[in-house]
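Everything on this sheet refers to the single structure shown next.
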(Lines give C-alpha, C1' and ligand atoms only; values in the text may rest on other atoms or scores of the structure.)
Protein backbone atom coordinates (compact mmCIF):
# COMPACT_ATOMS: atom_id res chain seq x y z
CA UNK A 1 0.00 0.00 0.00
CA UNK A 2 1.36 3.43 -0.94
CA UNK A 3 0.42 5.03 2.37
CA UNK A 4 2.11 2.27 4.35
CA UNK A 5 5.27 2.50 2.26
CA UNK A 6 5.37 6.25 2.76
CA UNK A 7 5.13 5.80 6.51
CA UNK A 8 7.93 3.28 6.54
CA UNK A 9 10.21 5.43 4.44
CA UNK A 10 9.62 8.50 6.58
CA UNK A 11 10.04 6.58 9.81
CA UNK A 12 13.37 5.16 8.68
CA UNK A 13 14.58 8.53 7.49
CA UNK A 14 13.33 10.45 10.52
CA UNK A 15 15.12 8.14 12.94
CA UNK A 16 18.37 9.51 11.59
CA UNK A 17 17.36 13.18 11.59
CA UNK A 18 15.70 12.80 15.00
CA UNK A 19 18.84 11.71 16.79
CA UNK A 20 18.78 13.33 20.18
CA UNK A 21 19.68 17.04 19.71
CA UNK A 22 22.26 18.37 22.11
CA UNK A 23 20.03 21.10 23.52
CA UNK A 24 17.72 18.45 24.96
CA UNK A 25 20.39 17.81 27.57
CA UNK A 26 19.64 21.17 29.15
CA UNK A 27 16.80 19.49 31.06
CA UNK A 28 16.70 20.15 34.79
CA UNK A 29 18.13 16.83 35.94
CA UNK A 30 21.35 15.41 37.28
CA UNK A 31 24.47 15.05 35.15
CA UNK A 32 24.21 11.27 35.52
CA UNK A 33 20.65 11.30 34.13
CA UNK A 34 21.71 13.51 31.22
CA UNK A 35 24.53 11.12 30.36
CA UNK A 36 22.14 8.19 30.61
CA UNK A 37 19.72 9.75 28.11
CA UNK A 38 22.61 10.61 25.79
CA UNK A 39 23.77 6.98 25.90
CA UNK A 40 20.26 5.73 25.08
CA UNK A 41 20.05 8.00 22.03
CA UNK A 42 23.54 7.06 20.84
CA UNK A 43 22.83 3.33 21.17
CA UNK A 44 19.49 3.58 19.37
CA UNK A 45 20.99 5.56 16.51
CA UNK A 46 23.92 3.15 16.13
CA UNK A 47 21.53 0.19 16.04
CA UNK A 48 19.28 1.98 13.55
CA UNK A 49 22.17 2.75 11.19
CA UNK A 50 23.31 -0.86 11.33
CA UNK A 51 19.79 -2.15 10.68
CA UNK A 52 19.18 0.26 7.79
CA UNK A 53 22.22 -0.89 5.81
CA UNK A 54 20.91 -2.57 2.65
CA UNK A 55 17.23 -2.30 3.64
CA UNK A 56 16.32 1.39 3.47
CA UNK A 57 12.62 1.08 2.59
CA UNK A 58 11.30 -1.78 4.75
CA UNK A 59 11.29 -2.39 8.50
CA UNK A 60 12.52 -5.99 8.15
CA UNK A 61 12.43 -8.44 11.04
CA UNK A 62 15.11 -9.77 13.38
CA UNK A 63 13.84 -12.12 16.07
CA UNK A 64 16.93 -11.68 18.23
CA UNK A 65 16.82 -7.87 18.10
CA UNK A 66 13.06 -7.46 18.49
CA UNK A 67 12.21 -10.11 21.08
CA UNK A 68 10.80 -8.65 24.31
CA UNK A 69 11.47 -10.84 27.32
CA UNK A 70 8.63 -11.79 29.67
CA UNK A 71 10.72 -14.12 31.83
CA UNK A 72 13.30 -13.81 34.58
CA UNK A 73 13.66 -10.20 35.71
CA UNK A 74 10.86 -9.28 33.30
CA UNK A 75 8.36 -11.93 34.36
CA UNK A 76 4.83 -10.66 34.97
CA UNK A 77 4.15 -9.57 38.55
CA UNK A 78 0.72 -8.08 39.31
CA UNK A 79 0.61 -4.76 41.15
CA UNK A 80 0.53 -4.75 44.92
CA UNK A 81 -1.74 -2.58 47.05
CA UNK A 82 0.70 0.34 47.05
CA UNK A 83 1.62 0.15 43.35
CA UNK A 84 0.15 2.71 40.95
CA UNK A 85 -1.56 1.82 37.68
CA UNK A 86 -3.63 4.11 35.47
CA UNK A 87 -5.35 4.68 32.13
CA UNK A 88 -2.47 3.70 29.81
CA UNK A 89 -2.35 -0.08 29.22
CA UNK A 90 1.13 0.05 27.70
CA UNK A 91 2.64 1.82 30.72
CA UNK A 92 0.82 -0.52 33.10
CA UNK A 93 2.25 -3.53 31.25
CA UNK A 94 5.75 -2.03 31.37
CA UNK A 95 5.49 -1.67 35.15
CA UNK A 96 4.14 -5.20 35.59
CA UNK A 97 7.16 -6.55 33.69
CA UNK A 98 9.73 -4.29 35.41
CA UNK A 99 10.63 -2.29 32.30
CA UNK A 100 9.87 0.72 34.49
CA UNK A 101 9.71 0.59 38.31
CA UNK A 102 7.01 -1.76 39.55
CA UNK A 103 5.57 0.92 41.84
CA UNK A 104 4.45 2.89 38.77
CA UNK A 105 6.61 5.98 39.33
CA UNK A 106 9.44 6.41 36.83
CA UNK A 107 12.00 9.02 35.87
CA UNK A 108 12.28 10.66 32.45
CA UNK A 109 15.23 8.41 31.64
CA UNK A 110 13.36 5.26 32.69
CA UNK A 111 10.36 6.16 30.49
CA UNK A 112 12.58 6.80 27.47
CA UNK A 113 14.52 3.56 27.89
CA UNK A 114 11.46 1.48 28.76
CA UNK A 115 9.30 2.61 25.85
CA UNK A 116 12.16 1.91 23.46
CA UNK A 117 12.97 -1.51 24.93
CA UNK A 118 9.36 -2.71 24.93
CA UNK A 119 7.75 -0.94 21.98
CA UNK A 120 10.40 0.72 19.82
CA UNK A 121 9.16 4.25 20.46
CA UNK A 122 11.37 6.90 18.85
CA UNK A 123 13.60 8.86 21.21
CA UNK A 124 12.12 12.18 20.10
CA UNK A 125 8.54 11.13 20.86
CA UNK A 126 9.45 9.31 24.07
CA UNK A 127 11.41 12.28 25.38
CA UNK A 128 8.66 14.79 24.76
CA UNK A 129 6.02 12.57 26.37
CA UNK A 130 8.26 11.81 29.36
CA UNK A 131 9.22 15.45 29.90
CA UNK A 132 5.63 16.63 29.49
CA UNK A 133 4.51 14.08 32.09
CA UNK A 134 7.26 15.09 34.49
CA UNK A 135 6.37 18.77 34.18
CA UNK A 136 2.57 18.59 34.39
CA UNK A 137 2.00 15.36 36.32
CA UNK A 138 5.17 14.97 38.39
CA UNK A 139 8.11 16.71 40.02
CA UNK A 140 10.13 17.63 36.87
CA UNK A 141 12.20 14.42 37.02
CA UNK A 142 9.59 11.68 37.54
CA UNK A 143 5.85 11.05 37.41
CA UNK A 144 3.18 8.48 38.18
CA UNK A 145 1.44 6.31 35.58
CA UNK A 146 -1.60 6.30 37.88
CA UNK A 147 -2.80 8.62 40.62
CA UNK A 148 -0.93 10.68 43.23
CA UNK A 149 2.22 8.97 44.52
CA UNK A 150 3.36 9.08 48.10
CA UNK A 151 5.59 12.04 48.90
CA UNK A 152 8.48 9.66 49.60
CA UNK A 153 8.62 8.82 45.89
CA UNK A 154 8.97 12.44 44.79
CA UNK A 155 11.29 15.36 45.33
CA UNK A 156 9.92 18.81 46.18
CA UNK A 157 11.22 21.07 43.43
CA UNK A 158 8.98 24.00 44.23
CA UNK A 159 5.83 21.87 44.20
CA UNK A 160 2.69 23.55 45.51
CA UNK A 161 0.99 20.22 46.14
CA UNK A 162 1.15 16.52 45.40
CA UNK A 163 1.38 15.76 41.67
CA UNK A 164 -1.73 13.95 40.51
CA UNK A 165 -0.11 11.55 38.05
CA UNK A 166 -1.55 10.78 34.62
CA UNK A 167 -4.90 9.72 36.15
CA UNK A 168 -5.33 13.28 37.45
CA UNK A 169 -4.32 15.09 34.27
CA UNK A 170 -7.66 15.47 32.50
CA UNK A 171 -7.43 17.89 29.56
CA UNK A 172 -3.72 18.33 30.19
CA UNK A 173 -2.49 14.84 29.27
CA UNK A 174 -5.40 12.41 29.58
CA UNK A 175 -8.39 13.08 27.31
CA UNK A 176 -11.99 12.21 26.57
CA UNK A 177 -12.79 9.65 23.81
CA UNK A 178 -10.46 6.96 25.13
CA UNK A 179 -10.77 3.56 23.41
CA UNK A 180 -11.55 1.69 26.63
CA UNK A 181 -11.44 4.20 29.49
CA UNK A 182 -14.33 6.52 30.43
CA UNK A 183 -14.81 10.23 29.91
CA UNK A 184 -14.04 11.76 33.30
CA UNK A 185 -17.22 13.80 33.69
CA UNK A 186 -19.46 10.98 32.49
CA UNK A 187 -18.21 8.27 34.87
CA UNK A 188 -16.30 10.13 37.56
CA UNK A 189 -12.97 8.51 36.71
CA UNK A 190 -10.74 8.22 33.67
CA UNK A 191 -8.85 4.97 34.28
CA UNK A 192 -11.25 2.05 34.79
CA UNK A 193 -12.02 -0.05 31.71
CA UNK A 194 -15.59 0.23 30.42
CA UNK A 195 -16.23 -3.27 29.10
CA UNK A 196 -18.84 -2.27 26.48
CA UNK A 197 -16.20 0.01 24.93
CA UNK A 198 -13.68 -2.83 24.82
CA UNK A 199 -16.36 -5.11 23.38
CA UNK A 200 -17.07 -2.59 20.63
CA UNK A 201 -13.38 -2.32 19.80
CA UNK A 202 -12.99 -6.11 19.81
CA UNK A 203 -15.97 -6.45 17.45
CA UNK A 204 -14.50 -4.12 14.81
CA UNK A 205 -14.04 -5.70 11.35
CA UNK A 206 -10.37 -6.62 11.13
CA UNK A 207 -8.06 -4.92 8.68
CA UNK A 208 -5.26 -6.60 6.72
CA UNK A 209 -3.10 -6.45 9.84
CA UNK A 210 -5.78 -7.31 12.37
CA UNK A 211 -6.72 -4.46 14.71
CA UNK A 212 -4.81 -2.01 12.55
CA UNK A 213 -5.68 1.63 11.86
CA UNK A 214 -8.26 0.68 9.24
CA UNK A 215 -10.17 -0.89 12.15
CA UNK A 216 -9.25 1.50 14.98
CA UNK A 217 -9.81 4.85 13.23
CA UNK A 218 -13.52 4.19 12.49
CA UNK A 219 -13.84 2.95 16.07
CA UNK A 220 -12.38 6.29 17.24
CA UNK A 221 -15.00 8.12 15.17
CA UNK A 222 -17.70 6.06 16.87
CA UNK A 223 -16.29 6.84 20.32
CA UNK A 224 -16.07 10.54 19.42
CA UNK A 225 -19.79 10.59 18.64
CA UNK A 226 -20.56 8.63 21.81
CA UNK A 227 -18.91 11.37 23.86
CA UNK A 228 -21.04 13.99 22.12
CA UNK A 229 -24.16 11.87 22.71
CA UNK A 230 -23.51 10.92 26.34
CA UNK A 231 -21.11 13.38 28.02
CA UNK A 232 -22.60 16.86 28.60
CA UNK A 233 -19.10 18.11 29.50
CA UNK A 234 -17.24 16.55 26.58
CA UNK A 235 -14.39 18.82 25.51
CA UNK A 236 -12.07 18.20 22.56
CA UNK A 237 -9.10 20.20 23.80
CA UNK A 238 -6.35 21.66 21.57
CA UNK A 239 -3.57 19.46 22.97
CA UNK A 240 -5.16 16.46 24.71
CA UNK A 241 -7.91 16.20 22.08
CA UNK A 242 -6.08 16.97 18.85
CA UNK A 243 -2.79 15.27 19.75
CA UNK A 244 -3.13 12.86 22.69
CA UNK A 245 -6.50 11.40 21.70
CA UNK A 246 -5.25 10.02 18.35
CA UNK A 247 -2.18 8.61 20.08
CA UNK A 248 -4.47 6.48 22.25
CA UNK A 249 -5.58 4.73 19.05
CA UNK A 250 -2.46 4.74 16.89
CA UNK A 251 -0.34 3.45 19.78
CA UNK A 252 -2.56 0.36 20.05
CA UNK A 253 -1.61 -0.87 16.59
CA UNK A 254 1.81 0.72 16.14
CA UNK A 255 3.08 -0.59 19.49
CA UNK A 256 0.96 -3.58 20.51
CA UNK A 257 0.93 -5.46 17.21
CA UNK A 258 3.23 -8.50 17.16
CA UNK A 259 5.99 -8.18 14.57
CA UNK A 260 7.14 -11.20 12.55
CA UNK A 261 8.79 -12.23 9.29
CA UNK A 262 5.32 -12.46 7.72
CA UNK A 263 4.11 -9.19 9.25
CA UNK A 264 7.15 -6.92 9.77
CA UNK A 265 4.83 -3.96 10.38
CA UNK A 266 2.92 -6.06 12.90
CA UNK A 267 -0.29 -8.06 13.19
CA UNK A 268 -2.56 -7.41 16.17
CA UNK A 269 -4.96 -10.25 16.96
CA UNK A 270 -7.57 -10.55 19.66
CA UNK A 271 -5.44 -12.54 22.11
CA UNK A 272 -2.61 -10.01 22.08
CA UNK A 273 -5.12 -7.17 22.37
CA UNK A 274 -6.73 -8.80 25.41
CA UNK A 275 -3.36 -9.40 27.06
CA UNK A 276 -2.34 -5.75 26.80
CA UNK A 277 -5.72 -4.60 28.14
CA UNK A 278 -5.90 -7.08 31.05
CA UNK A 279 -8.97 -8.75 29.56
CA UNK A 280 -9.90 -12.43 29.69
CA UNK A 281 -12.84 -14.31 28.23
CA UNK A 282 -14.49 -14.10 24.84
CA UNK A 283 -17.57 -12.54 23.24
CA UNK A 284 -19.67 -15.64 23.84
CA UNK A 285 -18.88 -16.22 27.53
CA UNK A 286 -18.27 -12.55 28.29
CA UNK A 287 -15.18 -10.50 29.00
CA UNK A 288 -13.59 -9.85 32.39
CA UNK A 289 -11.21 -6.99 33.21
CA UNK A 290 -8.65 -7.47 35.99
CA UNK A 291 -7.60 -3.98 36.99
CA UNK A 292 -3.89 -3.25 36.66
CA UNK A 293 -2.99 -6.70 35.27
CA UNK A 294 -1.93 -5.67 31.77
CA UNK A 295 0.63 -8.11 30.36
CA UNK A 296 3.16 -8.21 27.55
CA UNK A 297 2.29 -11.46 25.71
CA UNK A 298 4.81 -14.28 25.57
CA UNK A 299 6.64 -14.72 22.25
CA UNK A 300 6.09 -11.08 21.40
CA UNK A 301 8.30 -8.85 19.23
CA UNK A 302 8.54 -5.06 19.14
CA UNK A 303 9.16 -2.67 16.22
CA UNK A 304 12.24 -3.26 14.08
CA UNK A 305 15.50 -1.47 14.77
CA UNK A 306 15.48 1.49 12.39
CA UNK A 307 11.68 1.60 12.31
CA UNK A 308 11.11 3.48 15.56
CA UNK A 309 7.82 5.34 15.87
CA UNK A 310 8.92 8.96 15.80
CA UNK A 311 7.14 12.33 15.89
CA UNK A 312 7.05 12.70 12.06
CA UNK A 313 5.70 9.14 11.78
CA UNK A 314 2.99 9.87 14.36
CA UNK A 315 2.17 13.12 12.57
CA UNK A 316 1.37 11.18 9.39
CA UNK A 317 -1.02 8.92 11.30
CA UNK A 318 -2.65 11.92 12.99
CA UNK A 319 -3.17 13.77 9.70
CA UNK A 320 -4.42 10.70 7.82
CA UNK A 321 -7.12 10.14 10.45
CA UNK A 322 -8.15 13.81 10.41
CA UNK A 323 -8.48 13.84 6.62
CA UNK A 324 -10.81 10.85 6.88
CA UNK A 325 -12.74 12.27 9.87
CA UNK A 326 -12.44 16.08 9.98
CA UNK A 327 -14.35 16.24 13.28
CA UNK A 328 -11.22 15.04 15.06
CA UNK A 329 -9.72 18.52 14.59
CA UNK A 330 -12.84 20.37 15.70
CA UNK A 331 -11.74 21.96 18.98
CA UNK A 332 -14.73 22.60 21.22
CA UNK A 333 -17.29 20.55 23.06
CA UNK A 334 -20.71 20.18 24.58
CA UNK A 335 -22.00 23.21 26.44
CA UNK A 336 -23.49 21.51 29.50
CA UNK A 337 -25.98 19.24 27.75
CA UNK A 338 -25.50 16.25 25.50
CA UNK A 339 -25.53 16.78 21.73
CA UNK A 340 -24.67 20.47 22.00
CA UNK A 341 -21.20 20.23 20.48
CA UNK A 342 -20.00 23.64 19.33
CA UNK A 343 -16.60 24.34 17.88
CA UNK A 344 -14.38 27.27 18.80
CA UNK A 345 -13.22 29.80 16.22
CA UNK A 346 -9.70 28.49 15.56
CA UNK A 347 -8.72 31.67 13.74
CA UNK A 348 -9.59 33.83 16.76
CA UNK A 349 -8.01 31.31 19.13
CA UNK A 350 -4.67 31.45 17.30
CA UNK A 351 -4.59 35.07 16.18
CA UNK A 352 -5.13 34.10 12.56
CA UNK A 353 -2.23 31.64 12.34
CA UNK A 354 -4.54 28.64 11.83
CA UNK A 355 -8.14 28.03 10.85
CA UNK A 356 -10.25 24.88 10.72
CA UNK A 357 -9.51 24.36 7.03
CA UNK A 358 -5.72 24.70 7.28
CA UNK A 359 -5.39 22.43 10.33
CA UNK A 360 -5.61 19.31 8.16
CA UNK A 361 -2.82 20.47 5.87
CA UNK A 362 0.76 19.26 6.23
CA UNK A 363 2.05 19.39 9.81
CA UNK A 364 -0.46 22.02 10.93
CA UNK A 365 -2.58 19.88 13.27
CA UNK A 366 0.42 18.63 15.24
CA UNK A 367 2.06 22.08 15.16
CA UNK A 368 -1.11 23.69 16.48
CA UNK A 369 -1.41 21.22 19.35
CA UNK A 370 2.25 21.44 20.39
CA UNK A 371 2.32 25.24 20.09
CA UNK A 372 -0.91 25.56 22.04
CA UNK A 373 0.60 23.46 24.83
CA UNK A 374 3.57 25.82 24.91
CA UNK A 375 1.40 28.96 24.98
CA UNK A 376 -0.93 27.57 27.66
CA UNK A 377 1.90 26.28 29.85
CA UNK A 378 2.68 29.42 31.92
CA UNK A 379 -0.87 29.72 33.28
CA UNK A 380 -1.10 25.99 33.99
CA UNK A 381 2.28 25.84 35.71
CA UNK A 382 1.45 28.72 38.07
CA UNK A 383 -0.91 26.37 39.87
CA UNK A 384 1.71 23.61 40.19
CA UNK A 385 5.03 25.26 41.10
CA UNK A 386 6.11 28.15 43.30
CA UNK A 387 8.33 29.33 40.43
CA UNK A 388 7.61 28.39 36.82
CA UNK A 389 11.07 29.25 35.46
CA UNK A 390 12.51 25.76 35.75
CA UNK A 391 9.49 23.72 34.53
CA UNK A 392 8.85 26.17 31.68
CA UNK A 393 12.47 25.96 30.57
CA UNK A 394 12.36 22.18 30.66
CA UNK A 395 9.15 22.06 28.60
CA UNK A 396 10.46 24.58 26.07
CA UNK A 397 13.62 22.52 25.58
CA UNK A 398 11.53 19.45 24.77
CA UNK A 399 9.26 21.41 22.45
CA UNK A 400 12.28 22.91 20.68
CA UNK A 401 13.10 19.46 19.34
CA UNK A 402 9.52 18.95 18.18
CA UNK A 403 9.43 22.24 16.30
CA UNK A 404 12.77 21.57 14.63
CA UNK A 405 11.29 18.37 13.17
CA UNK A 406 7.93 19.76 12.10
CA UNK A 407 8.87 23.26 10.81
CA UNK A 408 5.83 24.95 12.33
CA UNK A 409 4.41 28.41 11.62
CA UNK A 410 4.90 30.63 14.63
CA UNK A 411 2.00 30.87 17.05
CA UNK A 412 2.71 33.95 19.19
CA UNK A 413 -0.35 34.00 21.45
CA UNK A 414 -3.68 32.34 22.17
CA UNK A 415 -7.05 33.70 23.23
CA UNK A 416 -8.86 31.11 25.33
CA UNK A 417 -11.81 33.31 26.26
CA UNK A 418 -14.09 31.11 24.11
CA UNK A 419 -13.42 28.20 26.48
CA UNK A 420 -15.73 29.74 29.08
CA UNK A 421 -18.59 28.30 27.02
CA UNK A 422 -17.49 24.75 27.83
CA UNK A 423 -17.87 23.48 31.41
CA UNK A 424 -15.68 20.49 30.50
CA UNK A 425 -12.73 22.81 29.90
CA UNK A 426 -12.77 24.13 33.46
CA UNK A 427 -9.53 23.52 35.30
CA UNK A 428 -7.49 22.88 32.18
CA UNK A 429 -7.06 26.20 30.36
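The values are calculated or read from the model by the stated rules, or taken from the named source; none is laboratory data. Fair warning: this is a prediction, and the values are worked out from it, not measured in the lab. Don't worry about glycine lacking a Cβ; one is built from the backbone with ideal geometry, like all the others, and counts go over all protein chains shown.
Below are the figures for this structure:
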item: Test: residue in the range 169-184 that is modelled with pLDDT of 90 or more, surrounded by fewer than 19 Cβ atoms within 10 Å (Cβ to Cβ) and outside any helix (DSSP H, G or I); result: no
item: Checking residue 35 against (1) at pLDDT 95 or above; (2) surrounded by fewer than 22 Cβ atoms within 10 Å (Cβ to Cβ); (3) at negative phi, the condition it does not meet; result: (1)
item: Residue count for the range 142-179, restricted to those that are closer than 19 Å to residue 102 by Cα and within 18 Å of the chain's Cα centre (by Cα); result: 10
item: Every residue from the range 276-289 that is in contact (Cβ under 8 Å) with a residue 60 or more places away in the chain and either crowded, with 18+ Cβ neighbours inside 10 Å or assigned to a loop (DSSP other than H, G, I, E, B) (or both); result: 276, 277, 278, 279, 283, 289
item: Subset of the range 193-211 (residues that are under 26 Å from residue 331 (Cα atoms) and within 21 Å of the chain's Cα centre (by Cα)); result: 193, 194, 197, 198, 201
item: Qualifying residue in the range 375-388 (condition: buried (at least 19 other Cβ atoms within 10 Å of the Cβ) and assigned to a loop (DSSP other than H, G, I, E, B)); result: yes
item: Yes/no for residue 209 being surrounded by fewer than 24 Cβ atoms within 10 Å (Cβ to Cβ), closer than 29 Å to residue 377 by Cβ, modelled with pLDDT of 90 or more and touching a helix residue (DSSP H, G or I) at 6+ places or on another chain (Cβ under 9 Å); result: no
item: The listed residue being buried (at least 21 other Cβ atoms within 10 Å of the Cβ), touching a helix residue (DSSP H, G or I) at 6+ places or on another chain (Cβ under 8 Å) and within 23 Å of residue 76 (Cα to Cα), out of 266, 270; result: 266
item: Extreme residue, nearest to residue 108 (Cα to Cα), among residues of the range 138-168 that are assigned to a helix (DSSP H, G or I) and in contact (Cβ under 8 Å) with a residue 60 or more places away in the chain; result: 166
